[in-house]
1. Could you list Val10, Val43, Val132 so that the one with the fewest beta carbons within 10 Å of its beta carbon is first and the one with the most is last?
2. Can you pull out the trypsin sites (Lys or Arg not before Pro) in region 110-176 that DSSP calls coil and that have at most 16 other Cβ atoms within 10 Å?
3. Of the chymotrypsin sites (Phe, Trp or Tyr not before Pro) in region 84-172, which ones lie in a loop per DSSP and count no more than 12 other C-beta atoms within 10 Å?
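FYI, it's all coordinate maths here, none of it is from the lab. Just so you know, these numbers come straight off a predicted model, no measurement behind them. Every residue, glycine as well, gets a Cβ built from its backbone with ideal geometry; the counts of neighbours run over all protein chains shown.
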Amino acid sequence: MPYPITCGDVFYINACDRHGYESVNDLALDNVLYRRDLLTLNVNWQALLPGRVTGPEQRQYWRLSTHGMAILRQSVDALSKECMKSDTLSLLLSETLFLQLALMARRFRHAPYSPYISDAEQLDLLLMALRVNISAPFRLEDFCRQYGLNARTLRVMFKHHTGMGIHHYLRQLRLCKAMDLAGVDCGGWPEWPPPADDGA
């Protein structure tokens, strides 16, 4: 089945698949080539790397958001440098980086016609927003409106994964920043997992 290639597309292809280069429209493509039979790490590669589609529940074509692409770009760049080496340690490191890339792709990918953003990506976006705008007022409703997220769902998810409410987390970030500016050691808090808190 043919697919037009656009920015953010991820394809898991096989040797017999055909590439319509005329549909690329000057996009920069990253091709990661591998032989499944030569992978040595004790990992369920079949679950991470879809093979040929054999049923309606399987998919070879996925999408990445801009944030997901930026995260995967780091793994691709590291792998492209390491895989040029042929010593034993570099080969093992290359496969480890490939595993990291496969895991991150699995984490951030979503169906091509779905507006869905994974839980992990929602949390990453929120944590980044809190840290970048630490000195500015933060309104969760405005943040969720910007990314098309549900404020109540995100609030519950954040509390579940961090053990504290969003505004409590932001207060602790600001406290650590103030202590750092004052030359006081705050012990690196907040770290994972931070202390539990019943407040919202």
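1. Sorted ascending by nearby Cβ count, the order is Val132, Val43, Val10.
2. Arg139
3. For chymotrypsin sites (Phe, Trp or Tyr not before Pro) across region 84-172 that sit outside H, G, I, E and B with at most 12 neighbouring Cβ atoms in 10 Å, the list reads Tyr113, Tyr116.
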